[in-house]
Every structure is written in C-alpha cells, then in structure tokens.
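Here's the structure, in structure tokens; my notes come after.
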Amino acid sequence: MTTASTPKTVAVVGCTHAGTFAAQSILTAHPDWTVHVFERNDTLSFLSCGIALWVGGHVSDPNRMFYSSPAALTELGAQMHMQHDVLSVDVAGKSLVARDLTSGEESTYVFDKLVVTTGSKPVTPPIPGLAEGLEDGRVMLCKNWDHGKAIKENAMQADSVAVIGAGYIGAELVEQFSEAGVRATLIDGLDRALAKNFDAPITEQVEAVYAEHGVELALGQMVTEFRLNESGTGVTVVTTAGEYDVDYAIMGAGFLPRTDLFEGQLETLPNGAIKTDEYMRAFPAGSTEASSDILAAGDSCTVLYNPTGTYDYIPLATNAVRQALLVAANIEEPMQKYMGTQATSAVQLYDLSLAASGLTQAGAEARDVNTRSTTIVQDYRPDFMLTTTPVTATLTWDPETHRVLGAQFLCRHDVAEAANAISIAIQARFTIDQLANVDLFFQPNFCQPVNFIGAVAMQAVAEQDAC
Ligand SMILES: Cc1cc2nc3c(=O)[nH]c(=O)nc-3n(C[C@H](O)[C@H](O)[C@H](O)COP(=O)(O)OP(=O)(O)OC[C@H]3O[C@@H](n4cnc5c(N)ncnc54)[C@H](O)[C@@H]3O)c2cc1C
C-alpha cells in the first residue's frame with residue numbers, strides 16, 4: 001500500500017514539448033521519484049515552429065532549436081529511453097512494453113503513474129500515390145527534425161514545390177520557397193488561404209501578397225492523386241481542378257492525435273484526442289471519473305476552448321507546455337486547475353504581421369456558434385508621423401451577451417501583441433462594451449489616441465446599438 005508521500009515511478013511516453021516540460025517539472029518537484037522517459041527519436045524538445053524559418057535561412061544555428069537534451073534530463077534524474085518505441089501500454093495493469101530501436105530488444109516497464117505526451121501525427125489521407133511518394137521522398141511531411149532536414153536539403157534546392165494545406169505551416173513554407181526563388185504552389189480544399197485562422201477581410205490581403213511574390217494559389221480543390229514521374233525526378237499532384245508537375249510535394253494538411261496505444265483504454269474525442277479533466281487527468285474507458293494515475297498533455301489530448309466553453313482539439317505548443325506544467329503540479333494530488341485556451345497565434349508572411357485569438361466568423365460557423373463580426377481598417381498610428389500604415393482589425397462577439405469571442409489583426413507594422421491583449425479579454429469574459437472602455441495607452445510612436453483594439457470594440461458597440 002503506498003501513501004501520497006511515497007516516491008513514485010512515472011512513465012512519460014513521448015518527449016517533445018509536453019514530455020520534456022512534464023519530465024523536468026516532475027523531477028524538480030519530486031527529485032526522489034523515478035521518472036522513465038520514452039522517446040522513439042534520438043532528439044527531444046525540437047521546436048518545429050522554426051522549420052520554415054530554418055529552411056529559409058533565418059536561423060542562426062539549427063542546434064539551438066532544441067532547448068533540452070537527453071543529457072539535461074538525465075542530469076535532473078530521469079531514466080532516459082531514447083530511440084525506444086513504446087509498443088503497447090496496459091493502462092489498468094500499469095505496465096508498458098518498449099522496443100529499443102537500436103538493439104531490437106523489447107522490455108516491460110511498470111509504473112505507478114502514466115503521463116501521455118505522445119503528441120500528434122501529420123494527416124495523411126488515403127490518397128492514391130501518397131504512400132509511394134512518402135516512401136520515395138518526393139512527397140514530404142513537415143513535423144519533426146528529420147522532416148525539416150529533408151525539406152532544407154531537397155525541396156529548398158529544387159525548382160518547384162507544391163505544398164498541400166494552406167494553414168499556418170503551408171503558408172509559412174510557400175513564403176520561404178518563393179523568397180528563395182523556388183516556384184511554389186499552395187493547394188487547399190478550402191477556397192481561402194489560412195481559412196481556418198482568419199476571415200476574408202484578412203485572407204484577401206494575404207492572397208494578394210502571395211500573388212505579388214509569384215506563389216500560385218490552387219484553392220478550392222482537393223488532391224486526388226500523387227503520380228511519381230517515370231524518370232523519378234518529380235511528382236504530379238492531381239487535384240479536382242488540375243495537375244501540378246513539381247519536383248517535390250509537402251503535406252501540411254493538419255494533425256491528428258497519436259493515441260493508438262490507448263484506443264479502447266481511455267476516453268477520447270472521435271478523432272482520438274484524450275479527454276482530461278481540469279487537472280489534466282484522463283478518464284479510463286467507460287468511466288466518468290478521472291484517474292489520478294493517468295495524466296495527459298499536449299497534442300495527444302483535448303484543450304478547453306474558452307470561446308465556446310467546450311473541449312476541442314487545437315494542437316499548439318503553447319497548450320502543450322502549459323498542460324505539461326499542470327501535469328507536474330497535479331501528479332500527486334489535484335492542486336492547480338487548467339485555465340483553458342483561446343488558441344492565440346501569430347504568423348509573419350513577407351512584411352505582413354498577422355495574429356489572432358479565439359473564434360473567427362468561419363470558426364464560429366463550423367462550431368455552430370452564433371456570432372457577429374466587426375471589421376475596421378485604420379492607421380495604426382497618427383498620420384502626422386513620418387510613416388504609418390493601416391491595420392485591419394476584426395472583432396468576433398456574441399450578439400446576445402456581447403462577450404468578446406475572438407479577434408484578428410493584420411498590419412505591415414508588428415501588431416502581433418494585440419492578439420495577446422484579446423486573449424486576456426476573452427479569458428476574463430470581457431464584453432465588447434468593457435473592451436471599448438478599458439484603459440489602453442496612447443503614444444504617437446505606437447498608436448492612435450484611440451488604440452485600434454479599442455476602436456474596433458467601439459465600432460462593435462455602435463453596430464450592436466444600431467440593431
Ligand atoms: C511546422 C510546425 C510549426 C508549428 N508552429 C507552431 C507555432 O508557431 N506555435 C505553436 O504554439 N505551435 C506550433 N506548432 C505545433 C507544436 O509544434 C505542437 O503543438 C507541439 O509540438 C506539441 O508538442 P507535444 O509534445 O504535445 O507533441 P509532439 O511534438 O507531437 O511530440 C510527441 C513526441 O512523442 C513521441 N512518441 C509518440 N508516440 C511514441 C511512442 N509510441 N513511443 C515513443 N515515442 C513516441 C514522438 O516521437 C514525439 O517526439 C507547429 C507544428 C509544426 C509541425
């Protein structure tokens with residue numbers, strides 16, 4: 001019989017962001033515990049958010065895209081099992097089987113507590129020719145260090161590349177290809193670039209900038225086949241609207257939770273994302289009571305999405321890190337509740353700074369949430385300054401309660417921090433009226449007397465009053 005203060009044996013499965021933060025925080029709080037970390041790669045903590053910048057030549061040293069290492073975690077006291085593939089987990093029986101990928105040896109490990117940080121896998125739909133293309137290397141993925149190296153060494157040196165998926169990852173990659181003189185085609189089934197991240201007043205401006213930089217936009221069309229060239233020098237991407245002959249294609253069509261190990265053992269969303277309670281504790285299959293011995297964090301599990309108040313699947317490093325810290329805080333006993341997320345994000349494309357937090361109008365419609373949107377365009381600072389430039393600001397709000405549910409910004413000046421301000425407003429359940437009246441500074445170097453965040457909120461209030 002163990003007590004709460006008895007040292008525990010913990011198994012952390014997967015070690016990129018969630019696994020690294022969970023392992024180091026658990027060991028810092030409980031230096032006498034035994035923490036086994038299993039990772040199938042030979043590296044950990046790789047910042048894949050830097051891949052596009054790296055392949056485009058904007059990273060000083062790619063080795064600095066890792067913020068931890070097996071040696072650093074070993075020094076903290078972890079039992080590191082790098083290049084170990086966890087083959088099966090018996091959640092109820094508290095044991096797992098892992099294969100050492102260097103020796104082929106399989107071993108069983110027992111644990112008191114399990115931390116699921118297995119993350120996500122790129123979406124690879126059953127499109128004819130995709131498996132062969134991935135095998136051949138003419139079609140690539142963009143998720144980890146090895147993918148980044150392949151893109152930099154091959155696609156970046158090619159004449160032409162097609163990127164499938166016009167979300168953040170695809171959008172950033174085609175920007176870098178076009179800047180490097182590689183002919184780039186961006187393909188997506190939706191009819192706007194960044195359609196899941198921004199609404200039309202912003203995506204129209206992004207698409208215009210892509211056109212200026214020679215990026216071919218192949219939107220509103222689904223990929224139906226990948227056909228490798230007979231000469232082995234390229235791939236034809238066949239879509240519902242045309243064919244694109246390129247040297248390489250890159251799949252950037254989103255991510256799914258990598259949770260096959262736990263199928264039938266833990267409660268999940270239909271897409272496989274592990275459900276947790278507010279203390280990051282998972283639910284054994286069929287149970288409505290969370291287990292204090294099974295915790296999950298990061299891309300393998302759900303997030304509490306504050307704009308809707310529901311559990312959702314939004315894989316972001318920001319969520320992974322914060323959830324992993326909560327795993328460590330709550331692994332002995334429930335101490336600290338998860339605050340949820342607004343999925344705040346930002347991206348730089350050419351000279352455009354784009355940032356968003358919470359729901360877009362399109363995101364609201366997809367989730368069947370009734371919202372209204374207000375858009376303004378105004379110079380970010382007074383025109384008596386030697387330079388200024390317009391910012392497009394869209395606020396999404398609830399017409400019944402007036403609650404702020406989201407906002408998006410685009411400007412040639414860096415306005416990305418505005419999304420963080422909106423994130424706090426959504427978290428604090430601000431109404432548009434409160435956002436219109438909250439104290440925001442004025443100083444001509446930075447903004448107008450009425451800051452564009454307050455200005456879009458005032459416009460929303462005016463529109464509401466006019467209804
Ligand atoms: C190109 C790109 C750009 C991105 N940009 C941003 C950004 O700008 N901002 C942001 O917030 N997020 C960004 N993200 C998302 C972010 O990288 C992920 O949300 C984050 O990596 C999730 O971390 P994680 O530890 O939960 O999962 P993962 O990163 O998926 O790591 C899971 C780990 O588990 C290991 N694993 C899985 N199964 C097993 C097993 N059975 N045995 C052993 N090991 C296993 C895997 O090898 C992997 O190392 C980006 C992602 C990509 C791909």
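The values are calculated or read from the model by the stated rules, or taken from the named source; none is laboratory data. Predicted model only: the values in this text are computed from it and were never measured. Please note: Cβ atoms are built from the backbone with ideal geometry, for glycine as well, and neighbour counts cover all protein chains shown. Accessible surface is based on the protein model in full, side chains and every heavy atom, while ligands, DNA and RNA are left aside. Shrake-Rupley method; radii C 1.70, N 1.55, O 1.52, S 1.80 Å.
Among the residues of segment 323-341, the one identified as within 24 Å of ASN197 (Cβ to Cβ), within 15 Å of the ligand (Cβ to nearest atom) and open to solvent by 10 Å² or more (accessible area, probe 1.4 Å) is TYR338.
Among the candidates ALA171, ALA150, the residue that is out of contact with any Cys (no Cβ under 7 Å at 6 or more places or on another chain), at pLDDT 95 or above and more than 20 Å from VAL347 (Cβ to Cβ) is uniquely ALA150.
Among the residues of this structure, ALA193 counts as one that is buried (at least 18 other Cβ atoms within 10 Å of the Cβ), free of Cβ contacts under 8 Å to residues at least 40 places away in the same chain and either under 25 Å from GLN176 (Cβ atoms) or basic (Lys, Arg) (or both). Suppose we keep only residues that are assigned to a helix (DSSP H, G or I) and open to solvent by less than 40 Å² (accessible area, probe 1.4 Å) within segment 196-206. Which one would you say is farthest from GLU153 (Cα to Cα)? If we take residues in segment 196-206 being assigned to a helix (DSSP H, G or I) and open to solvent by less than 40 Å² (accessible area, probe 1.4 Å), then ALA200 is farthest from GLU153 (Cα to Cα). Suppose the filter is at pLDDT 95 or above and surrounded by fewer than 17 Cβ atoms within 10 Å (Cβ to Cβ); does GLU267 pass it? Judged against the criteria, GLU267 is not a match. Restricting attention to segment 64-118, the residues that are in contact with a strand residue (DSSP E or B) (Cβ under 8 Å, 6 or more places away or on another chain) and among the small types (Gly, Ala, Ser) add up to 7. Of everything listed in (1) touching a residue at least 60 places away in the same chain (Cβ under 8 Å); (2) in contact with a helix residue (DSSP H, G or I) (Cβ under 9 Å, 6 or more places away or on another chain); (3) over 14 Å from GLN342 (Cα atoms), the single unmet condition for GLY454 is (1).
Consider segment 152-173 and keep the residues that are over 30 Å from ASP199 (Cβ atoms), assigned to a helix (DSSP H, G or I) and open to solvent by 40 Å² or more (accessible area, probe 1.4 Å). The one that is farthest from the ligand (Cβ to nearest atom) is GLN157. In segment 98-134, the residue that is nearest to ILE164 (Cα to Cα) out of those that are open to solvent by 40 Å² or more (accessible area, probe 1.4 Å) and within 14 Å of the ligand (Cβ to nearest atom) is THR124. For segment 1-20, a residue qualifies if it is more than 8 Å from the ligand (Cβ to nearest atom) and either without any contact (Cβ under 8 Å) to a residue 24 or more places away in the chain or open to solvent by less than 50 Å² (accessible area, probe 1.4 Å) (or both), and the qualifying residues are MET1, THR3, SER5, THR6, LYS8, THR9, VAL10, ALA11, VAL12. Residues that are away from the ligand (no atom under 11 Å from the Cβ), more than 29 Å from SER287 (Cα to Cα), small (Gly, Ala, Ser) and surrounded by fewer than 20 Cβ atoms within 10 Å (Cβ to Cβ): does segment 24-39 have at least one? Yes. Restricting attention to segment 181-190, the residues being open to solvent by 50 Å² or more (accessible area, probe 1.4 Å) and within 19 Å of ASP351 (Cα to Cα) number 1. Looking only at segment 258-302, residues that are among the charged types (D, E, K, R) and more than 16 Å from the ligand (Cβ to nearest atom) come to 6 in all. What do you reckon, is VAL377 touching a strand residue (DSSP E or B) at 6+ places or on another chain (Cβ under 9 Å), β-branched (Val, Ile, Thr) and closer than 30 Å to MET458 by Cα? Yes. Across segment 40-71, the number of residues qualifying as away from the ligand (no atom under 14 Å from the Cβ) and buried (at least 17 other Cβ atoms within 10 Å of the Cβ) comes to 0.
Say we look at segment 136-151 and pick out the residues that are within 14 Å of the ligand (Cβ to nearest atom) and in a helix (DSSP H, G or I); which of these is nearest to LEU44 (Cα to Cα)? Break it down into steps so the answer makes sense when it comes.
Here is the first cut: in segment 136-151, the residues within 14 Å of the ligand (Cβ to nearest atom) are 140-151.
Checking the rest, the ones that are also in a helix (DSSP H, G or I) come to 145-151.
Values: TRP145: 9, ASP146: 12, HIS147: 14, GLY148: 14, LYS149: 15, ALA150: 18, ILE151: 19 Å.
Selected residue: TRP145.
The single residue among LYS94, LYS149 that is basic (Lys, Arg) and touching a residue at least 60 places away in the same chain (Cβ under 8 Å) turns out to be LYS94. I'd like to verify a number: residues in segment 222-257 that are buried (at least 17 other Cβ atoms within 10 Å of the Cβ) and either part of a loop (DSSP other than H, G, I, E, B) or at pLDDT below 95 (or both), how many? Count: 5.
In segment 341-355, the residues that are touching a residue at least 12 places away in the same chain (Cβ under 8 Å) form Cβ pairs under 6 Å with partners that are open to solvent by less than 10 Å² (accessible area, probe 1.4 Å) and not aliphatic (A, V, I, L, M), at six or more places apart or across chains, as follows: THR341/ASN319; GLN342/SER357; THR344/SER357; SER353/CYS411; ALA355/PHE409. Could you look through segment 387-446, keep only residues that are open to solvent by 10 Å² or more (accessible area, probe 1.4 Å), touching a Lys or Arg at 6+ places or on another chain (Cβ under 7 Å) and not in a loop (DSSP other than H, G, I, E, B), and pick out the one that is farthest from GLY358 (Cα to Cα)? Restricting to residues being open to solvent by 10 Å² or more (accessible area, probe 1.4 Å), touching a Lys or Arg at 6+ places or on another chain (Cβ under 7 Å) and not in a loop (DSSP other than H, G, I, E, B), the top hit is THR431.
Out of (1) on the phi < 0 side of the Ramachandran plot; (2) open to solvent by 20 Å² or more (accessible area, probe 1.4 Å), what's the single condition that is false for GLN83? If we test GLN83 against (1) on the phi < 0 side of the Ramachandran plot; (2) open to solvent by 20 Å² or more (accessible area, probe 1.4 Å), just (1) comes out false.
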